[in-house]
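Novice: What follows is a single structure, and I will ask about it in a moment.
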Amino acid sequence: MIGTIRERSPGHFELRAYNAATGRQVTKTYAHPRKEKGIGIAEAKKQLARLVSDIAEGKYGTKVDPAERMTVSALLDEWIAHGETRGRSPNTLHGYRSKAARIKAGPLGRVEVAKLTTRDLDRWYDELLAGGMTSATLMHHHRVVRAALNQAKRWKYIRENPADDVQLDSGGRPEMHVPTAVQARALILRAAGTLSPDLGPILLFAMLTGMRRGELCGIQWSDIDWVGSRLTVRRSVWQIRSTWGLKDPRTHQVRRIALDPVAMSILTAHKAKAESEAAIACVPLSSDAFVWSTQADGLCPRTPNSLTRAFHRLCRTMEAEALTSDPPRVESWDFRFHDLRHLSATEMVGQGMDPRTVAARLGHANPSVTLAVYAHAVEARDRQAAEGLGRALGA
């Protein structure tokens, strides 16, 4: 390491040496008692040599890795950006950003990742619960924190993930609210009289296939095997406010599901209707047109949020009509569109279909997920099996 000496004025020297560890110049001054030009240069060289030695020994600081000072807020931004480059779905990223905004706004956001402890997380989680946040919502936020810290560990920013040792009560799986077969038929019949003429067929098709809302919206005519009575689930429609787009199904796996005669008759009737509307509008109906579309050419799908709103209005209509009936009845139709998928799965499990087949039809990556979500149906089937064995083998 070589430094420089500059005589700024008689007997007054500026000593400079480069510190490679910090990437900065270190500057010192030396003043000789006699203020004469050239006097003190020998002592200035000794002072410079001492400065260079001190820098080499780390007395003027060592290089600081930016990751060591990275805050939780900065980590969340970097983790979400990484997820975006790796192809995370826009809906997933939107959910991450929403929860990250809450985390960054709190005291946790300012904490350096390298200094974050499990106790820090516990304190903040306690504050959120005290402020009224539910255990389930807190668990969603914790999963974001934990995932970001797991990525920090993979990037070697930290050695251990402090979120791994946090113990939270998830609040248990919420009770599933599934419409009965009678309620399902009532919804389909009433949907025929709404302002959305295709709502009834969509609801029935959703119940028959167990498809997710976005997957239903993403069906194109080319996905249908008319001869083999099968449907290939290739894509899903995502939506954030008024923006929509296409993505892979949730598990990123294309799947094929069988269609029964009722489902095929729905598609056949809807295809004839779509072709008629396209002919009236003098536009072509291509094989890549979306099955459920509000446009004659079928180039734009029905959006997931539009289905949610239409189904919500239908349920509120059912409740209102029950109150105005003679005699008035108080009925609860507090269902979500996703509950139609639960209805389909519950019926399949209840009929004794093996979990692997149910999982494949629903698009679950693992049959254990199916068993965990629809344990109530498995328990009911187990009860039926016990009673059947009792009848067959009992005295």
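The values are calculated or read from the model by the stated rules, or taken from the named source; none is laboratory data. This structure is a prediction, so every number in the text was calculated from the model and none was measured. Glycine gets a Cβ as well: all are built from the backbone with ideal geometry, and neighbour counts include every protein chain shown. For the accessible areas, the whole protein counts, side chains as well, though only heavy atoms, and no ligand, DNA or RNA atoms are used. Shrake-Rupley method; radii C 1.70, N 1.55, O 1.52, S 1.80 Å.
Novice: Need pairs with beta-carbon distance below 8 Å; first residue within 22 Å of V254 (Cβ to Cβ) and among the hydroxyl-bearing types (S, T, Y) and within segment 200-216, second open to solvent by 20 Å² or more (accessible area, probe 1.4 Å) and assigned to a helix (DSSP H, G or I); sequence gap 6+ or separate chains.
Specialist: If the second residue must be open to solvent by 20 Å² or more (accessible area, probe 1.4 Å) and assigned to a helix (DSSP H, G or I), the pairs left are T209/R361.
Novice: Return the pair list, or none, for Cβ contacts closer than 8 Å from residues in segment 149-161 that are within 17 Å of L108 (Cα to Cα) and among the aliphatic types (A, V, I, L, M) to residues that are at pLDDT 90 or above and open to solvent by 100 Å² or more (accessible area, probe 1.4 Å), at least 6 apart or on different chains.
Specialist: none
Novice: If I filter segment 100-107 for residues that are within 15 Å of the chain's Cα centre (by Cα), within 30 Å of Q239 (Cβ to Cβ) and buried (at least 17 other Cβ atoms within 10 Å of the Cβ), do I get at least one hit? It would help to see each step written out before you state the result.
Specialist: Taking segment 100-107 as the starting set, the residues that turn out to be within 15 Å of the chain's Cα centre (by Cα) are 100-101.
Of the ones still in play, those that are also within 30 Å of Q239 (Cβ to Cβ) are 100-101.
Applying the additional criterion that residues be buried (at least 17 other Cβ atoms within 10 Å of the Cβ) yields 100.
Checked against the condition, which is being within 15 Å of the chain's Cα centre (by Cα), within 30 Å of Q239 (Cβ to Cβ) and buried (at least 17 other Cβ atoms within 10 Å of the Cβ), segment 100-107 yields at least one hit.
Novice: One residue is enough: does segment 131-144 have a residue meeting the conditions of a type in the set (A, V, I, L, M), open to solvent by 50 Å² or more (accessible area, probe 1.4 Å) and free of Cβ contacts under 8 Å to residues at least 12 places away in the same chain?
Specialist: no
Novice: Check whether at least one residue in segment 258-271 is out of contact with any Gly (no Cβ under 9 Å at 6 or more places or on another chain), of a type outside the set (F, W, Y) and part of a strand (DSSP E or B), and report yes or no.
Specialist: no
Novice: Could you list, in sequence order, all residues of segment 230-247 that are in a loop (DSSP other than H, G, I, E, B) and exposed (fewer than 15 other Cβ atoms within 10 Å of the Cβ)?
Specialist: Our first condition is that a residue be in a loop (DSSP other than H, G, I, E, B); within segment 230-247, this holds for 234-235, 241-242.
Listed by number, the residues that qualify are R241, S242.
Novice: Same structure again: Give segment 304-351 a look and list any residue that's closer than 20 Å to E175 by Cα, of a type in the set (G, A, S) and open to solvent by less than 40 Å² (accessible area, probe 1.4 Å), or say none.
Specialist: Within segment 304-351, S344, A345, G350 qualify.
Novice: Can you pull out the residues in segment 352-369 that are under 16 Å from R256 (Cα atoms), open to solvent by less than 70 Å² (accessible area, probe 1.4 Å) and part of a helix (DSSP H, G or I)?
Specialist: T357, V358, A359, A360, R361, L362
Novice: If you don't mind, another one. Within segment 13-31, which residues are more than 47 Å from the chain's Cα centre (by Cα) and within 15 Å of E57 (Cα to Cα)?
Specialist: A17, Y18, V26
Novice: Which numbered condition in (1) farther than 20 Å from A272 by Cα; (2) open to solvent by less than 50 Å² (accessible area, probe 1.4 Å); (3) at pLDDT below 95 is the only one that D198 fails?
Specialist: (1)
Novice: Conditions first: (1) open to solvent by 20 Å² or more (accessible area, probe 1.4 Å); (2) in a helix (DSSP H, G or I). R88 passes all but one, so which condition is the exception?
Specialist: Every condition holds for R88 apart from (2).
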